[in-house]
Amino acid sequence: CFDRTSLGLAFDQDVARAIGDALFLRVEAIEGFGGFPLNGDALLDEVTLAMTNTCDVFMGVSVSPNSPVSDAFAITRPYATFPFVLAVADPDWQRLGDIPKSRKLGTAMASMGEMNYITWAQQQPENERWVRLPYADFDLMTTRVLDGSIAGMILWQPALAHILASRPDAKVLRVIDSAPVPSSETRVGALVSSRNSFLRAQIDEAIDAIVRDGTIAGLIEKHGYSGRAGE
């Protein structure tokens, strides 16, 4: 199963097929579900139903020590790691520190990148931080960068790759160093039933294999992502 609204859906589907090939299994993709609010209400209920009735694996799960996962599930090892990036249109800026504090920044709402920025900003004097405007609509956030309403945007790199592939006017965007804000990233794995330890072990071994042989790195390049295979 997959989150059909995920911007990394095509990548996750390719990884699922690669895992299936490594295990000599036929992968049956279920359409999945999506459209949940940012706080994830009802998502766990849908995942539980799907994993009970129709799915053996749920792809595209954030793998971190703080991941809110039910005891009914186990998370595989990460098959890829992707950063949050700062994208701007101004050709003169090379790092976040070059942007005047009078300008505003857009952030992907409720994302790890936004939380990372908030943590940093709370430790700075008010005159040493940028005003943050959270966006749930990445397309609108992109438009605001392009029209100069905000100086730049902090979002997950696969989300930026999707924007660059779908909007010709976004080609002027480029990624700059986020310093002085520390970098942040998300590791991506899959969810399996905690009762099926054999399946999880097999998937972990397959992930290790397709990380080692360059399959994941090739898929990252195919989809225009910047990140790394595995952890």
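The values are calculated or read from the model by the stated rules, or taken from the named source; none is laboratory data. Values in this document were obtained by computation on a predicted structure and should not be read as measured data. So basically every Cβ, Gly included, is an ideal-geometry build from the backbone, and we count neighbours across all protein chains shown. Only protein heavy atoms, including side chains, enter the accessible area calculation; ligands, DNA and RNA are left aside. Shrake-Rupley method; radii C 1.70, N 1.55, O 1.52, S 1.80 Å.
What the table shows:
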item: DSSP bridge orientation in the stretch 61-191 - percent antiparallel, rounded to nearest 5; result: 65 percent
item: Summed side-chain charge close to Thr143 - residues other than Thr143 whose Cβ falls under 11 Å, Lys, Arg +1, Asp, Glu -1; result: -2
item: Test item: Cα-centred dipole of the chain, Lys/Arg +1 and Asp/Glu -1 on Cβ, debye; result: 400 debye
item: Potential extension, Glu28-Ala179 segment - 0.36 nm per residue separation minus Cα distance; result: 50.0 nm
item: Modelled FRET efficiency - R0 25 Å, Asp139 with Asp92, Cβ distances, 0.05 increments; result: 0.50
item: Accessible surface, the chain, averaged per residue in Å² (probe 1.4 Å); result: 52 Å²
item: Inter-centroid distance (Cα atoms) of the stretch 212-230 relative to the stretch 79-131, Å; result: 26 Å
item: Fraction of accessible area attributable to carbon and sulfur, the chain (%, probe 1.4 Å); result: 51 percent
item: Expected 222 nm ellipticity per residue - DSSP helices of 4 or more, -39500 (n - 2.57), all of the chain, to 500; result: -10500 deg cm²/dmol
